[in-house]
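Here is the structure we will look at, set down as structure tokens.
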2 protein chains.
Amino acid sequence: MSHIALQCSECAAKHTADMATLHCSECGGALDVAYNSRTQDRHSATMPNPLHSPDDAVTLGEGGAPAVSLRNLGGHLGVQRLYAKLESMNPTGSFKDRGTAVMMSVAKELGVSEVVEDSSGNAGASVAAYAARAGIRAHIFAPASAPAAKLGQIAVYGAATHLIDGDRQAVTDAAIDFAARNALVYASHNLSPYFIEGTKTFAYEIVERFGANLPRNIVIPVGNGSLFIGAHRGFSELRRVGRVSDIPRLHAAQARAVMPIAAAFEGARKPATSAGGTVAGGIAVANPPRMRQALRVLRDTGGSAVAVDESDILRWHSLLAEREGIFVEPTSAAAFAGVEALVKNGVIRRSESVLVAATGFGLKDAIPQRI
Amino acid sequence: MSHIALQCSECAAKHTADMATLHCSECGGALDVAYNSRTQDRHSATMPNPLHSPDDAVTLGEGGAPAVSLRNLGGHLGVQRLYAKLESMNPTGSFKDRGTAVMMSVAKELGVSEVVEDSSGNAGASVAAYAARAGIRAHIFAPASAPAAKLGQIAVYGAATHLIDGDRQAVTDAAIDFAARNALVYASHNLSPYFIEGTKTFAYEIVERFGANLPRNIVIPVGNGSLFIGAHRGFSELRRVGRVSDIPRLHAAQARAVMPIAAAFEGARKPATSAGGTVAGGIAVANPPRMRQALRVLRDTGGSAVAVDESDILRWHSLLAEREGIFVEPTSAAAFAGVEALVKNGVIRRSESVLVAATGFGLKDAIPQRI
């Protein structure tokens with residue numbers, strides 16, 4: 001018998017753990033991994049893990065990204081302690097590898113031989129890489145407008161790349177349709193409960209690194225929110241077993257051009273998306289399927305959602321590189337612009353500590369430079 | 001009094017440790033860091049370090065790259081245990097960050113405010129990043145023909161980029177001339193003894209990871225040989241304090257188009273370079289200034305130098321991505337082609353274990369893909 005089930009994040013209904021079930025059959029809600037109580041007990045000292053044979057996991061050594069101190073930019077903001085966790089230092093260059101490693105390991109355990117995924121680029125590259133390593137055929141659906149570097153990376157791993165014209169939702173629709181027509185597993189990083197389960201290592205590492213002196217605030221760029229929700233799961237598990245007393249405030253940064261979570265958080269009736277798009281392609285998600293979960297994380301941790309302007313994203317992209325030697329993709333820079341906004345509006349006090357998830361490497365989505 | 005001096009790698013003459021001295025005043029040889037005996041004793045349990053204040057080091061969390069098992073490609077080669085150490089997972093995407101972190105930390109300790117460096121791209125990006133973090137102005141000289149991704153990365157950190165037409169030697173000459181004319185420090189990663197001192201962590205981590213069960217063979221793509229020589233320094237230190245009994249055989253892989261070390265190793269009179277160039281731009285170094293040291297490492301460890309063909313580099317670039325999910329730059333793929341050649345010619349037996357340095361991330365120097 002499996003040590004896990006899938007549990008609805010909305011109505012708590014339980015389902016058998018497989019790769020096919022992505023929505024609650026009762027209410028349509030997104031699913032999370034639930035461990036049976038014996039597993040919880042056994043794992044009180046370590047991290048609950050959905051794999052049956054962790055030794056056979058599909059891994060490229062993901063995770064373990066350093067949290068470095070940003071004294072120059074902390075001074076610039078007037079914040080005493082500012083850290084960046086360099087998720088760009090994952091095997092394929094983004095935090096997605098944390099989630100993909102677990103999702104593809106489960107797929108391999110269950111004998112899956114072919115998967116379909118849709119992505120603005122980073123998750124697609126990550127799934128393509130781990131699928132290659134696991135010997136699983138991958139079909140990656142991506143916007144035709146995705147950065148060339150990300151599309152090239154997907155292709156080099158040998159995945160079948162399907163470029164779709166239209167918006168991000170059109171890409172998702174095409175992937176779901178293709179999976180259904182060909183009776184393939186839809187390994188959606190947005191919906192898979194195993195993907196979220198992988199990203200929770202982010203929280204475990206922060207507790208390992210900072211101990212009792214946890215950052216008071218963590219700011220994450222949020223599109224679908226898989227790192228945001230996974231981080232909260234990790235901290236919640238650690239609180240349950242008594243390893244942390246308080247969970248840091250988890251804040252979500254979005255681009256003003258595509259801000260469904262920030263708009264819902266503000267209770268605003270204004271449109272969540274606007275014309276013109278954003279350079280932060282990794283968080284340009286108009287309809288995040290786990291939006292309710294993301295909003296609960298904000299509420300439960302006392303976090304805020306903040307929307308930032310394009311000019312601020314670009315300015316922080318340069319500041320990070322020129323003042324701290326950290327080259328991230330624009331999506332990650334949005335989170336730093338978010339810190340600035342949260343400090344300015346008084347949500348984050350200057351005496352508090354802040355950690356920012358630097359989610360993706362700069363070469364993945366480079367802004368052309370003048371040389 | 002400083003705990004270090006600079007010692008000639010050829011005639012053992014000692015020099016005061018500064019940033020300006022790059023050659024022995026007696027014989028012109030390359031210099032290494034030498035620790036005084038009290039430092040050696042004190043550090044018997046840890047790693048000797050040239051910094052006076054390690055807590056003030058300029059760091060981005062470099063090093064700690066995972067060594068992952070390659071079962072698919074190990075099977076392909078018929079080698080029982082094959083590992084890749086994913087140096088691509090360093091802050092700027094290459095192993096150079098190990099050396100740069102120490103070199104720029106020393107520069108900061110010595111109050112240097114402006115440096116000059118020449119590079120085919122990776123070291124330039126690395127120096128630009130750490131200089132930005134240290135608040136040091138950097139001039140990076142690079143070939144005008146360097147990959148756009150590498151040049152863009154150098155520029156984003158705010159370094160002054162100087163593009164030079166001509167071969168790699170012309171770039172070095174221009175950098176030396178510029179440094180001399182402007183009385184600036186020439187922070188050459190090829191010559192700086194501090195840079196080599198930083199790369200030795202590669203060996204310490206391998207001993208930490210594998211313990212008594214060290215890989216019998218380590219294959220490294222070698223241009224200037226800073227990782228190759230640094231790895232040997234690390235293993236030698238660990239042998240001196242009794243933490244390892246035998247040093248793995250260190251093998252050097254070069255592209256057949258630019259193979260001075262492989263040619264010298266073979267004692268051949270054939271030209272070390274040929275027309276046509278190589279896709280492995282990171283090791284296209286016709287006159288490596290530490291060549292004698294590299295040859296001594298080969299001799300002392302029982303290693304071999306091997307030259308590989310362009311078609312094999314490209315084939316291994318694809319094999320790594322498609323079979324193991326590892327996307328490296330062509331320079332790194334050359335080392336895997338080197339393993340194949342060394343297995344084929346019997347230097348590496350199939351029953352032996354092999355670790356390969358995957359030195360740089362694929363996006364740094366991407367081969368255009370068909371999508």
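Every listed requirement among (1) within 19 Å of the chain's Cα centre (by Cα); (2) within 14 Å of chain B (Cβ to nearest Cβ) is met by A:Val285 save one, (2). Would you check if there is a residue in the stretch A:129-140 being in contact with a Ser or Thr (Cβ under 8 Å, 6 or more places away or on another chain), part of a helix (DSSP H, G or I), under 27 Å from B:Ala333 (Cα atoms) and more than 10 Å from chain B (Cβ to nearest Cβ)? Looking through the stretch A:129-140, none of the residues is in contact with a Ser or Thr (Cβ under 8 Å, 6 or more places away or on another chain), part of a helix (DSSP H, G or I), under 27 Å from B:Ala333 (Cα atoms) and more than 10 Å from chain B (Cβ to nearest Cβ). What do you reckon, is A:Val106 more than 10 Å from chain B (Cβ to nearest Cβ), under 21 Å from the mean Cα position of the chain (by Cα), crowded, with 24+ Cβ neighbours inside 10 Å and not in a helix (DSSP H, G or I)? Considered against the rule, which asks whether it is more than 10 Å from chain B (Cβ to nearest Cβ), under 21 Å from the mean Cα position of the chain (by Cα), crowded, with 24+ Cβ neighbours inside 10 Å and not in a helix (DSSP H, G or I), A:Val106 comes out as no. For the stretch A:24-39, filtering for residues that are out of contact with any Phe, Trp or Tyr (no Cβ under 9 Å at 6 or more places or on another chain) and surrounded by 15 or more Cβ atoms within 10 Å (Cβ to Cβ) leaves 8.
Looking across B:Pro48, B:Pro91, B:Pro66, one residue alone is surrounded by fewer than 23 Cβ atoms within 10 Å (Cβ to Cβ), closer than 24 Å to B:Val207 by Cα and out of contact with any Lys or Arg (no Cβ under 8 Å at 6 or more places or on another chain). It is B:Pro48. A count restricted to the stretch B:109-119 and to residues that are surrounded by 24 or more Cβ atoms within 10 Å (Cβ to Cβ) and either in a helix (DSSP H, G or I) or not hydrophobic (A, V, I, L, M, F, W, C) (or both) stands at 3.
Residue count for the stretch B:275-318 satisfying the condition of being in a helix (DSSP H, G or I), buried (at least 22 other Cβ atoms within 10 Å of the Cβ) and hydrophobic (A, V, I, L, M, F, W, C): 6.
When the stretch B:358-369 is filtered for residues that are within 14 Å of another protein chain (Cβ to nearest Cβ), touching a Pro at 6+ places or on another chain (Cβ under 8 Å) and crowded, with 24+ Cβ neighbours inside 10 Å, the ones remaining, listed by number, are B:Lys364, B:Asp365. Take the conditions (1) within 11 Å of chain B (Cβ to nearest Cβ); (2) within 30 Å of A:Arg349 (Cβ to Cβ); (3) assigned to a helix (DSSP H, G or I); A:His76 misses just one of them, which is (1). Restricting to the stretch B:169-185, count the residues that are touching a Phe, Trp or Tyr at 6+ places or on another chain (Cβ under 9 Å) and either over 23 Å from B:Val258 (Cβ atoms) or outside any helix (DSSP H, G or I) (or both). Of the residues in that region, 4 qualify. Within the bounds of the stretch B:157-175, is there any residue that is within 20 Å of the chain's Cα centre (by Cα), closer than 20 Å to B:Glu329 by Cα and within 14 Å of another protein chain (Cβ to nearest Cβ)? No: the stretch B:157-175 contains no residue that is within 20 Å of the chain's Cα centre (by Cα), closer than 20 Å to B:Glu329 by Cα and within 14 Å of another protein chain (Cβ to nearest Cβ). Taking A:Val343 as meeting all but one of (1) among the β-branched types (Val, Ile, Thr); (2) within 13 Å of A:Ala253 (Cβ to Cβ); (3) crowded, with 21+ Cβ neighbours inside 10 Å, write down the number of the exception. Here A:Val343 clears every test but (3).
Restricting the first member to the stretch A:147-169 and to residues that are over 21 Å from A:Phe361 (Cα atoms), and the second to residues that are surrounded by 22 or more Cβ atoms within 10 Å (Cβ to Cβ) and hydroxyl-bearing (Ser, Thr, Tyr), the beta-carbon pairs closer than 7 Å and six or more apart or on different chains are A:Arg168/A:Ser120. When A:Thr331 is tested against (1) away from every other protein chain (no Cβ under 14 Å); (2) under 23 Å from B:Ser126 (Cα atoms); (3) surrounded by fewer than 24 Cβ atoms within 10 Å (Cβ to Cβ); (4) not hydrophobic (A, V, I, L, M, F, W, C), exactly one condition is not met: (3). Taken across the stretch A:266-283, residues that are aliphatic (A, V, I, L, M) and modelled with pLDDT of 95 or more do not occur at all.
Scanning the stretch B:206-234 for residues that are part of a helix (DSSP H, G or I) and over 24 Å from B:Asn287 (Cα atoms) yields B:Ile206, B:Val207, B:Glu208, B:Arg209, B:Phe210, B:Gly234.
Scanning the stretch B:129-155 for residues that are out of contact with any Asp or Glu (no Cβ under 8 Å at 6 or more places or on another chain), at pLDDT 90 or above and hydrophobic (A, V, I, L, M, F, W, C) turns up B:Ala131, B:Ala134, B:Leu151, B:Ile154, B:Ala155. Of all residues in the stretch B:306-317, those that are over 21 Å from B:Ile218 (Cα atoms) and in the same structural domain as B:Ala253 (by TED's automatic domain parsing) have Cβ atoms under 8 Å from Cβ atoms of residues that are at pLDDT below 95 and of a type in the set (Ser, Thr, Tyr), 6 or more apart or on another chain, in B:Glu310/B:Thr278.
The values are calculated or read from the model by the stated rules, or taken from the named source; none is laboratory data. Please read these numbers as outputs of a predicted model, since none were measured by experiment. Don't worry about glycine lacking a Cβ; one is built from the backbone with ideal geometry, like all the others, and counts go over all protein chains shown.
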